[in-house]
Amino acid sequence: MRDRRPAVPFRPPGPWPWLDRFGRFSPLRLSLLVALAAPGAVLLALLATGGMGAEPWKAATREAGSHAAHILLISLAVTPLRFIADWPKAATLRRMVGLAALAYALLHLVLYAGHLAWDLLAVALEIATRLYLTLGFAVLAGLAVLGWTSTDGWQARLGRRWGRLHRWVYLLAAGAVLHAFLQSRARADAAVLLAGCYLWLMLWRLLPGRRRAHPPALLGLAAVAALGAALVEFAWYAATTSLPAGRILAANLGTAAGLRPAQAVLLAALAAALLPLLRRRWVRR
């Protein structure tokens, strides 16, 4: 029997991120919006109330940059989530997550200007003369271009060129990871974790289509990403510090030193490998 209910006409989503493509209220989109905005709201509240330590603007700047890098990688994880969890609706959330990464990157720059007492000339000189700041600003500029052209109108206007343009996000994400390493100095745990996640995201995209949600392939990918993170950590400490890089590498084989970045990458990747199995079990039930 045919469904005689009138079809819901398509309407552009407009400026409200909690509406779906048909202009209807979406609890999922609202929940995601709140989750993306919450870290920034907490950060600004702590900054306003003096809860950011002895150098509040510097600490807030770093926190905003960390949020920007994390959310940028989450935007790259939307497509794997769509395949691994068999959740096509995830693709409709990618634009919001990418724009949130841009927003946090802009906040990162604004807070850095505040750290320098709003001396814009000093900000420009620092960006021009410090390599990691130059790289970070280049990533921000690239994200701004992608954010500006992320609308349906620009997608229609650019046609096939739109896809080629937005594939630059992979290079921008690599730049964000390198930016994290360059400013981390002798404590690179967070940067190594970003590097391991980025490696997993890029290697997943190299898998054949039929293997992208295949648990054995994902298990192998987990091992490769964790090993890659451990080797990146070893190479970074060996090349840039006097710390015993070999001992740091060996620490990944146990838990005496706490949870190492490579181990965290392994756990996250193993969880991703379990998703297809959990999904199938849920569908059967």
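The values are calculated or read from the model by the stated rules, or taken from the named source; none is laboratory data. Fair warning: this is a prediction, and the values are worked out from it, not measured in the lab. For neighbour counting, all protein chains shown are included, and Cβ atoms are generated from backbone atoms with ideal geometry for every residue, glycine included. Only protein heavy atoms, including side chains, enter the accessible area calculation; ligands, DNA and RNA are left aside. Shrake-Rupley method; radii C 1.70, N 1.55, O 1.52, S 1.80 Å.
Hey, can you tell me all the residues within the stretch 43-54 that are open to solvent by 50 Å² or more (accessible area, probe 1.4 Å) and either touching a residue at least 40 places away in the same chain (Cβ under 8 Å) or under 19 Å from the mean Cα position of the chain (by Cα) (or both)?
Of everything in the stretch 43-54, nothing turns out to be open to solvent by 50 Å² or more (accessible area, probe 1.4 Å) and either touching a residue at least 40 places away in the same chain (Cβ under 8 Å) or under 19 Å from the mean Cα position of the chain (by Cα) (or both).
Checking Ala91 against (1) of a type in the set (A, V, I, L, M, F, W, C); (2) open to solvent by less than 80 Å² (accessible area, probe 1.4 Å); (3) within 18 Å of Cys197 (Cβ to Cβ), only one condition comes out false. Which one?
(3)
Every residue, every condition in (1) closer than 30 Å to Gln263 by Cβ; (2) open to solvent by less than 60 Å² (accessible area, probe 1.4 Å), yes or no:
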{"position": "Leu121", "(1), (2)": "no, no"}
{"position": "Leu140", "(1), (2)": "no, yes"}
{"position": "Trp154", "(1), (2)": "no, no"}
{"position": "Val177", "(1), (2)": "yes, yes"}
{"position": "Leu194", "(1), (2)": "yes, yes"}
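Tell me the residue from His115, His70 that is at pLDDT 95 or above, open to solvent by 60 Å² or more (accessible area, probe 1.4 Å), within 27 Å of Arg21 (Cα to Cα) and not β-branched (Val, Ile, Thr), please.
When all the criteria are applied, what remains is His70.
Looking at Ala190, Ala195 in this structure, which one is in contact with a Ser or Thr (Cβ under 7 Å, 6 or more places away or on another chain) and either of a type in the set (D, E, K, R) or assigned to a helix (DSSP H, G or I) (or both)?
Testing whether each residue is in contact with a Ser or Thr (Cβ under 7 Å, 6 or more places away or on another chain) and either of a type in the set (D, E, K, R) or assigned to a helix (DSSP H, G or I) (or both) leaves just Ala190.
When only residues in the stretch 78-88 that are closer than 13 Å to Met202 by Cα and surrounded by fewer than 20 Cβ atoms within 10 Å (Cβ to Cβ) count, which is farthest from the chain's Cα centre (by Cα)?
Thr79
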